[in-house]
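The values are calculated or read from the model by the stated rules, or taken from the named source; none is laboratory data. Remember, it's a predicted structure, so these values are computed and weren't measured experimentally. A quick note on method: Cβ atoms are made from the backbone with ideal geometry, for glycine too, and the neighbour counts reach across all protein chains shown.
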């Protein structure tokens, strides 16, 4: 009889989006004449840019002839893409060696799979609220989590507690769901803390392309010393609309070396390389060709135009909340707007209130952690018309 | 200081293909006039069929317009592909529910990731010789392995030892590297053994499309009772030449339910669903469109033509070995031919001998386990001309 991994019994049912879908379906069934607008979407809606499309078609075409056909590729990704991403970092003023960049099918896979490299016995800090994957993937491995409280007082940007030791620290900036962004000084404090504790920071920069202020770091490696303490996850999902096309990348610097209990040294870079070589067979060549086209000058210009479209939606939402004197977080360097539910409501209560009174769908903050219980997330991924209409209704409601 | 997963220290360096590349490079540098023929390739070489290409292009085209654009898809795969695979099983006389089929980026990922569902404390049987991923992914998780001896006496098809208990059993048929195929009676013995022991069989059928004899099972589910004891991994890599395009699928029947230590029941289907939903974001829509085209009538016809091409190469190799009275395994319902190294040589010794005397590259059996030390693998993935030429040289050498 196989003994199963009983840590799975400690996972909460992942019912957030299912429950939202259920409540919306029920409402629309009962109110077929009402137009529901979804500002809960965490997914892009604009089509891919023409450069990405061309790259993808070229990738497919290569598969049509023996002389250009691609079979198994390097598990780490093709050099052409690793180098293009290294150059993209360089454009943003950060030096990342192409050899430290691992291409994957997405940041979700990598943030989950990275947990395999660590022993069960570690002090792991995870912000609350945050993207639920960090918590669930650690629980699956039987690991204990210490939560870092994000709240209105710290602007949903928890800072290190210097009286406390940590081994592994998750940070997500710009944050999902709060949209809050660490500035350079704050990130430096985290890097300094990690170096002092010999800890590893797992830094999720999936939303970095939404940062427009050049003073805000788009990568943890913009901070001195970060290569000795940080792994960075990024993705083309939000940068280039690749949520359904699937391509991400993870930087594991060769500097990340830690002692093993037998006195030898172990390299996280070598371990991740071994993990990916053994349990992964590389990202589709076709997708990598599309991704490389994204990182060309024209490809990036198209990405910026798409992001500007979403940013304008975020501005419209933020403007409404400002006018209504509802305090919010994010919405500037992020596709997400996070605000306290009006009238002391809990997040699911507010969800129902907003759905029934304004036919607007958002995401209850409770889905992102205890600290989200009285908060609500709106996103900028719908189109202009719907976003304007939703905010008009919001305006009338409050 | 993070405590790392020290099980990685128990992994052998995965040097097999690197060492082959190194020795071949050295030889060609010293002998630039000699034409080296590679029959060590475990990768397809024919381009994709036109139907698959068309499906892939359509997938890309869908990404060009908001009305057809695809963002995040179901982590389990799109219903259109799960249903196409269910229909493919049905054509081969096996009933598999589309809801039990999980689409992924490849069987390598799935055979590796499935280990997460099991506790450290299990009796795990893995054949020797075999595809090294089963061993390495279990060692990474700190698991103990009991080897099932494959050898000339049992035709490299180890059978259950009824005096011994097992919890988890890996089987690969048609086998990599030996090409040996379990018949119906043999597989039935394994299924009966698993049911009697309440064990789980992890069945790798990646090479099933090479089976031409309708009497040989192409799926473990051709055996009565298998849905109560087996998970099956398959892939489009060898079926449709998707090694670089990346698409696989795993069947986890809902019948696979086992007791937990607290008396509750745990479903492997539900656990795998949770694992994939949490650590994976679905396979590229583009790739799934290409895969669905493979499973159309015309798409399958193209696959069969490509496989027939490789099978003719296998026939040529087998014919030569037969004429030379070298006993071999596989080569009929498999792209692999496995034979004992002539003149009592060890496999690396024979590798050098064949390279220097006939300029033919194969794969030393030692790379697949202890029992491969005196064996050698040739593959049928080169083209006809090279295969014929290599066998001509082989003929002259022995």
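Structural remarks
- Residue match in region B:149-157 (condition: surrounded by 23 or more Cβ atoms within 10 Å (Cβ to Cβ) and in contact (Cβ under 8 Å) with a residue 40 or more places away in the chain): yes
- Lone unmet requirement of (1) within 25 Å of residue B:105 (Cβ to Cβ); (2) touching a residue at least 60 places away in the same chain (Cβ under 8 Å); (3) crowded, with 22+ Cβ neighbours inside 10 Å for residue A:72: (3)
- Residue within region B:33-56 that is without any contact (Cβ under 8 Å) to a residue 60 or more places away in the chain, out of contact with any strand residue (DSSP E or B) (no Cβ under 7 Å at 6 or more places or on another chain) and loosely packed, with under 15 Cβ neighbours inside 10 Å present: yes
- The set of residues from region B:367-380 being part of a helix (DSSP H, G or I) and within 18 Å of the chain's Cα centre (by Cα) comprises B:367, B:368, B:372.
- Scanning region A:122-151 for residues that are more than 22 Å from residue B:8 (Cα to Cα) and within 9 Å of chain B (Cβ to nearest Cβ) gives A:132, A:133, A:136.
- Yes/no for residue B:136 being assigned to a helix (DSSP H, G or I), farther than 26 Å from residue B:223 by Cβ and in contact (Cβ under 8 Å) with a residue 60 or more places away in the chain: yes
- Test: residue in region A:305-318 that is over 19 Å from residue A:237 (Cβ atoms), touching a strand residue (DSSP E or B) at 6+ places or on another chain (Cβ under 9 Å), part of a helix (DSSP H, G or I) and within 14 Å of chain B (Cβ to nearest Cβ): no
- Residue A:78, sole failed condition from (1) under 30 Å from residue A:386 (Cα atoms); (2) within 11 Å of chain B (Cβ to nearest Cβ): (1)
- Tabulated pairs, region B:108-121, first more than 7 Å from chain A (Cβ to nearest Cβ), second at pLDDT 95 or above and in a loop (DSSP other than H, G, I, E, B), C-beta under 7 angstrom, 6+ apart or interchain: B:115/B:141; B:120/B:141; B:120/B:142; B:120/B:143
- Some residue of region B:58-67 being at the interface with chain A (Cβ under 8 Å from one of its Cβ atoms), surrounded by fewer than 19 Cβ atoms within 10 Å (Cβ to Cβ) and within 21 Å of the chain's Cα centre (by Cα): no
- Number of the exception - residue A:197 against (1) facing another protein chain (nearest Cβ under 9 Å); (2) touching a strand residue (DSSP E or B) at 6+ places or on another chain (Cβ under 7 Å); (3) over 18 Å from residue B:283 (Cα atoms): (2)
- Some residue of region B:87-102 being under 26 Å from residue A:61 (Cα atoms) and more than 8 Å from every other protein chain (Cβ to nearest Cβ): no
- Top-ranked residue in region A:218-260 [being within 14 Å of the chain's Cα centre (by Cα) and assigned to a loop (DSSP other than H, G, I, E, B); ranked as surrounded by the most Cβ atoms within 10 Å (Cβ to Cβ)]: A:246
- Residue within region B:166-181 that is part of a loop (DSSP other than H, G, I, E, B) and at pLDDT below 95 present: no
- Applying the criterion of being surrounded by fewer than 21 Cβ atoms within 10 Å (Cβ to Cβ) and touching a residue at least 24 places away in the same chain (Cβ under 8 Å) to the residues of region B:92-107, the residue that is nearest to residue A:285 (Cα to Cα) is B:99.
- Only a single item in (1) within 13 Å of chain A (Cβ to nearest Cβ); (2) touching a helix residue (DSSP H, G or I) at 6+ places or on another chain (Cβ under 6 Å); (3) farther than 30 Å from residue B:81 by Cα is not met by residue B:160, and it is number (1).
- Flag for residue A:370 being more than 13 Å from chain B (Cβ to nearest Cβ) and surrounded by fewer than 18 Cβ atoms within 10 Å (Cβ to Cβ): yes
- A single entry from B:112, B:40, B:106 fulfils the requirement of being within 24 Å of the chain's Cα centre (by Cα), within 30 Å of residue B:351 (Cβ to Cβ) and at pLDDT below 95: B:40.
- Flag set for residue A:113, criterion: part of a helix (DSSP H, G or I) and closer than 23 Å to residue A:270 by Cβ.
- Identity of the residue in region B:202-217, over 14 Å from the mean Cα position of the chain (by Cα) and surrounded by fewer than 23 Cβ atoms within 10 Å (Cβ to Cβ), that ends up nearest to residue B:307 (Cα to Cα): B:212
- Matching option when the condition is more than 17 Å from the chain's Cα centre (by Cα), closer than 30 Å to residue A:131 by Cα and buried (at least 23 other Cβ atoms within 10 Å of the Cβ), among B:284, B:277: B:284
- Contact map, region A:299-312: residues that are modelled with pLDDT of 95 or more paired with residues that are assigned to a helix (DSSP H, G or I) and surrounded by fewer than 18 Cβ atoms within 10 Å (Cβ to Cβ), Cβ distance under 8 Å, separation 6+ or inter-chain. Pairs shown: A:302/A:50; A:309/A:384; A:312/A:384.
- Residue in region A:322-339 that is under 21 Å from the mean Cα position of the chain (by Cα), within 14 Å of another protein chain (Cβ to nearest Cβ) and modelled with pLDDT of 95 or more present: yes
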